[in-house]
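Comments concern the structure below.
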Amino acid sequence: MGPIRPPSEAYSILLRITRNCPWNKCSFCPVYKGEKFSLRTVDEIKSDIDAISSIADLITEKTEKYRNTPYHGQKIFSEISSDYNIDQSNVHQVAFWLNSGMKSLFLQDADSMVVKPDRLVEILNHIKKKIPSVQRITAYGRSKTTSNRSVEDLKSIRKAGLNRIHIGMESGSEKVLKILNKGVTPEEQISAGQKIREAGFELSEYFMPGSGGKEFSEENAVESARVINAINPTFTRIRTTTPIPNTPLFQMMQDKKWIPVSEEGRVREIRLFIEKLENITSVLTSDHMMNLLEDVEGEFPDGKKNMLETIDAFLSMSEMEKELFIIGRRLGRFRYLSDFRVDPEIEKIRTDLLERFPSIDEAVVVLSRNFV
Ligand code: SF4
């Protein structure tokens, strides 16, 4: 199994069809640093699919056999693991998936669109043949790679069963994409997104507020909205920028070459981004713990007003209330803005933080590292 999957794939089985990232140069991304990219052979992947199917059958058989034995779960895992020489964590993963209906599967790693279309079709056909319960197959793809695929090739992949592609757009600004070293232009992002939609896929595009730093905060919002408007993805997902130690972006921040946007500044950036989204039917989600306002969610066009009102509710709080909410959120005390209440313990933490840091924003940069 590879290291990551989108949060929306929590109930999916993970199937690695490549290892690591073929680009691996984005300045903010620590995930595959130091790891070499490689393709897996179709035979190797097919044998993993067969193994997943066999493990699921074994768990079902043994559950029936031991149905009257108390606490039989661990006995089943141990037996399958030792009889077939399979790591217990893999048996657990299949059992969890079996329990949730074996309906969705996520193709790892970072860019499954790099696999030649005919090979990808062969892999998808094998999944459908061996695990017919699967209704949804999803994958990460890079815009650069996908923009080089023909719509016909994408349609054949869609027809073979891949339903949804997750693309890390991050920004629609050329300048910000250079800072992020994303290796793609806004026009290539638009081309890839439009081809994916034309081929009939669901598409998730990820936007990173704050990625342009203070200097390009407004441009990041406006240009990213331009790209999203041109694509009209099924989902637009917010992923707040968090510089992570040992990444080039973190180093740029240490060298003062990239100045982070404050918490409130990022909320204003998201507001401008949403304000500029027009003539789309995308669903916007903030489904990540690094987003300050997880409540900002809705479907365009009708949900736009409500999303802006939620943001305005935060912006109209007093400075002290905003800081208390930010601290509570970053400490995991509040999930939603609607959870906010004045709490003497958080007030004390605020006082303590202001003794140790010049501002709450600077304290938050440090606190946030515990979440990523
Ligand atoms: S393409 Fe994705 S996985 Fe690869 S380096 Fe960039 S952000 Fe990381």
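The values are calculated or read from the model by the stated rules, or taken from the named source; none is laboratory data. From a predicted model like this one, the values you see are computed outputs, not experimental measurements. So basically every Cβ, Gly included, is an ideal-geometry build from the backbone, and we count neighbours across all protein chains shown. Heavy atoms of the whole protein, side chains included, go into the accessibility calculation; ligands, DNA and RNA do not. Shrake-Rupley method; radii C 1.70, N 1.55, O 1.52, S 1.80 Å.
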Looking at the range 219-227, is at least one residue touching a helix residue (DSSP H, G or I) at 6+ places or on another chain (Cβ under 7 Å), part of a helix (DSSP H, G or I), farther than 25 Å from Met113 by Cβ and small (Gly, Ala, Ser)? yes
If you take the residues of the range 168-185 that are among the hydrophobic types (A, V, I, L, M, F, W, C) and in contact with a Phe, Trp or Tyr (Cβ under 7 Å, 6 or more places away or on another chain), which of them is nearest to the ligand (Cβ to nearest atom)? Leu180
Among the residues of the range 12-34, is any of a type in the set (A, V, I, L, M, F, W, C), at pLDDT 95 or above, surrounded by fewer than 18 Cβ atoms within 10 Å (Cβ to Cβ) and in a helix (DSSP H, G or I)? no
I'd like to verify a number: residues in the range 184-207 that are open to solvent by 10 Å² or more (accessible area, probe 1.4 Å), of a type outside the set (Ser, Thr, Tyr), under 19 Å from the mean Cα position of the chain (by Cα) and within 30 Å of Gln251 (Cβ to Cβ), how many? 1
Is there a residue being farther than 30 Å from Ser143 by Cα and touching a strand residue (DSSP E or B) at 6+ places or on another chain (Cβ under 8 Å) anywhere in the range 94-108? yes
Counting only residues that are closer than 16 Å to Asp48 by Cβ and more than 16 Å from the ligand (Cβ to nearest atom), how many does the range 106-124 have? 5
Those residues of the range 248-263 which are buried (at least 18 other Cβ atoms within 10 Å of the Cβ) and either in contact with a helix residue (DSSP H, G or I) (Cβ under 7 Å, 6 or more places away or on another chain) or of a type in the set (S, T, N, Q) (or both), in sequence order: Trp258, Pro260, Val261, Ser262, Glu263
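To keep it simple, each residue is scored yes or no on (1) open to solvent by less than 80 Å² (accessible area, probe 1.4 Å); (2) away from the ligand (no atom under 16 Å from the Cβ).
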| position | (1), (2) |
| --- | --- |
| Asp83 | no, yes |
| Val94 | yes, yes |
| Trp97 | yes, yes |
| Ser104 | yes, yes |
| Val134 | yes, yes |
| Lys144 | yes, no |
Give just the number: which of (1) within 16 Å of the ligand (Cβ to nearest atom); (2) acidic (Asp, Glu); (3) in contact with a helix residue (DSSP H, G or I) (Cβ under 9 Å, 6 or more places away or on another chain) does Asp50 not satisfy? (1)
On the given criteria, is Ser204 out of contact with any Cys (no Cβ under 6 Å at 6 or more places or on another chain) and part of a helix (DSSP H, G or I)? no
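Can you find a residue that is more than 30 Å from Trp258 (Cβ to Cβ) and either open to solvent by less than 60 Å² (accessible area, probe 1.4 Å) or under 18 Å from the mean Cα position of the chain (by Cα) (or both) anywhere in the range 1-8?
Yes, because at least one residue in the range 1-8 is more than 30 Å from Trp258 (Cβ to Cβ) and either open to solvent by less than 60 Å² (accessible area, probe 1.4 Å) or under 18 Å from the mean Cα position of the chain (by Cα) (or both).
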